[in-house]
Ligand SMILES: C[S@@+](CC[C@H](N)C(=O)[O-])C[C@H]1O[C@@H](n2cnc3c(N)ncnc32)[C@H](O)[C@@H]1O
């Protein structure tokens, strides 16, 4: 029986139900960590890094976790006919709010690479047909934006070595102004490069509420919705300890955000190559299907 694209991509990224990094991404991650100084940092600095030492701990502790949760949340959509139709345009625009070192962007990029390679194998994509990915990376921390750009460049340099068609890096725009105060900048970029296909809010909901307040976050999410393509998606990820916040948000935006669990290899120096199961909250919502009142616009 012919395997579906979803099955083939799952078998490659999540063999036997355990998510793991493909070789290129693992090398990129390890190489980036070697460039950074090793030192203990506070809990807060490890989650929201603003120094090189903090970035190393973040990459060691959180990168792979958030990366796999992004892939697990988007695999159904990214292997759907709806998404593949969108790819035929040869362009994909990603908006990564609170991007850290481009974690969600990298997860989407590497999954897209796997999807296109599998489509070529299935004779459903021409080997030379390319997809240009444009990135809008937003973070208030300059070390995050710098590392994010660096890792993306390194990733594309490595895949180019053995790739003729497939994905390539288009524009990468970085914005250091805090979301949602940067909405006019995001609108301007939108006018220049086109609407966003995937907008991610991965592990940034809590600081957004702490700094700007709940109402501003909800308003910001509605505004982002208007900047996305009709067949696009918004992804929200947050850890399992934020149940109250997530329930409130889910109600306010009218979108189910579920508790999920996945099994993965760990790439942390403390427990390298062990498997571990993590629970988290994930919401992926189609923009066209959203029926909530569209009142909260700046
Ligand atoms: C826990 S990290 C998550 C990084 C990445 N998205 C991931 O999933 O691994 C949260 C990031 O959000 C950034 N951040 C916090 N408040 C922000 C704001 N108002 N606008 C943009 N980024 C923000 C922090 O600097 C930090 O890098």
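Is it true that residue 100 is on the phi > 0 side of the Ramachandran plot and crowded, with 19+ Cβ neighbours inside 10 Å?
Judged against the criteria, residue 100 is a match.
Of everything in segment 87-104, what is away from the ligand (no atom under 11 Å from the Cβ) and in contact (Cβ under 8 Å) with a residue 12 or more places away in the chain? Give them in sequence order.
87, 90, 91, 92, 93, 94, 95
Collect the residues in segment 142-168 that are under 23 Å from residue 190 (Cβ atoms) and out of contact with any strand residue (DSSP E or B) (no Cβ under 7 Å at 6 or more places or on another chain), keeping them in residue-number order.
If the condition is that a residue be under 23 Å from residue 190 (Cβ atoms) and out of contact with any strand residue (DSSP E or B) (no Cβ under 7 Å at 6 or more places or on another chain), then 144 is the only one that fits.
Show the residue pairs meeting these rules: Cβ distance below 8 Å; 6+ apart or different chains; first residue within segment 5-31 and free of Cβ contacts under 8 Å to residues at least 40 places away in the same chain; second residue part of a helix (DSSP H, G or I) and surrounded by 15 or more Cβ atoms within 10 Å (Cβ to Cβ).
none
Looking at the structure I just gave you, is residue 210 at pLDDT 95 or above, in contact with a strand residue (DSSP E or B) (Cβ under 9 Å, 6 or more places away or on another chain), part of a helix (DSSP H, G or I) and surrounded by fewer than 18 Cβ atoms within 10 Å (Cβ to Cβ)?
Spelling it out, it is not the case that residue 210 is at pLDDT 95 or above, in contact with a strand residue (DSSP E or B) (Cβ under 9 Å, 6 or more places away or on another chain), part of a helix (DSSP H, G or I) and surrounded by fewer than 18 Cβ atoms within 10 Å (Cβ to Cβ).
How many residues are free of Cβ contacts under 8 Å to residues at least 60 places away in the same chain and either near the ligand (Cβ under 7 Å from one of its atoms) or within 17 Å of the chain's Cα centre (by Cα) (or both) if we restrict to segment 192-205?
Looking only at that region, the number is 1.
Right, residue 255: in contact with a strand residue (DSSP E or B) (Cβ under 6 Å, 6 or more places away or on another chain) and crowded, with 17+ Cβ neighbours inside 10 Å or not?
For residue 255, the condition - in contact with a strand residue (DSSP E or B) (Cβ under 6 Å, 6 or more places away or on another chain) and crowded, with 17+ Cβ neighbours inside 10 Å - is met.
May I ask you to list the residues in segment 48-80 that are farther than 30 Å from residue 122 by Cα and free of Cβ contacts under 8 Å to residues at least 24 places away in the same chain?
53, 56, 57, listed by residue number.
Pick from segment 38-80 the residues that are surrounded by 22 or more Cβ atoms within 10 Å (Cβ to Cβ) and over 23 Å from residue 17 (Cβ atoms): which of them is farthest from the ligand (Cβ to nearest atom)?
56
Say whether the condition of being touching a residue at least 60 places away in the same chain (Cβ under 8 Å) and either in contact with a helix residue (DSSP H, G or I) (Cβ under 7 Å, 6 or more places away or on another chain) or surrounded by fewer than 16 Cβ atoms within 10 Å (Cβ to Cβ) (or both) is met by at least one residue in segment 237-250.
The answer is yes; a qualifying residue exists.
To keep it simple, each residue is scored yes or no on (1) away from the ligand (no atom under 16 Å from the Cβ); (2) closer than 24 Å to residue 63 by Cβ; (3) at pLDDT below 95.
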{"site": "155", "(1), (2), (3)": "no, yes, no"}
{"site": "160", "(1), (2), (3)": "yes, yes, yes"}
{"site": "172", "(1), (2), (3)": "no, yes, no"}
{"site": "175", "(1), (2), (3)": "no, yes, no"}
{"site": "180", "(1), (2), (3)": "no, no, no"}
{"site": "186", "(1), (2), (3)": "no, no, no"}
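Of everything in segment 17-76, what is over 18 Å from the mean Cα position of the chain (by Cα), farther than 24 Å from residue 115 by Cα and outside any helix (DSSP H, G or I)? Give them in sequence order.
Residues satisfying the conditions are 35, 36, 37, 38, 39, 40, 41, 42, 50, 51.
Please list, ordered by first then second residue, the pairs with beta carbon atoms under 8 Å, 6 or more apart or interchain, first in segment 156-183 and farther than 17 Å from residue 200 by Cα and assigned to a strand (DSSP E or B), second within 16 Å of the ligand (Cβ to nearest atom) and modelled with pLDDT of 95 or more.
167/109; 169/135; 169/152; 170/135; 171/135
Taking into account only those residues within segment 105-124 that are away from the ligand (no atom under 16 Å from the Cβ) and touching a strand residue (DSSP E or B) at 6+ places or on another chain (Cβ under 9 Å), which is nearest to residue 178 (Cα to Cα)?
In this case the residue turns out to be 112.
Any idea which residue in segment 213-230 is nearest to the ligand (Cβ to nearest atom), counting only those that are surrounded by fewer than 16 Cβ atoms within 10 Å (Cβ to Cβ) and modelled with pLDDT under 95?
The qualifying residue nearest to the ligand (Cβ to nearest atom) is 226.
Please verify whether residue 123 is at pLDDT 95 or above, surrounded by fewer than 19 Cβ atoms within 10 Å (Cβ to Cβ) and not in a strand (DSSP E or B), treating the condition exactly as stated.
no
The values are calculated or read from the model by the stated rules, or taken from the named source; none is laboratory data. All of these numbers come straight from a predicted model, not from anything done at the bench. Glycine also receives a Cβ, built like all others from the backbone with ideal geometry; neighbour counts cover every protein chain displayed.
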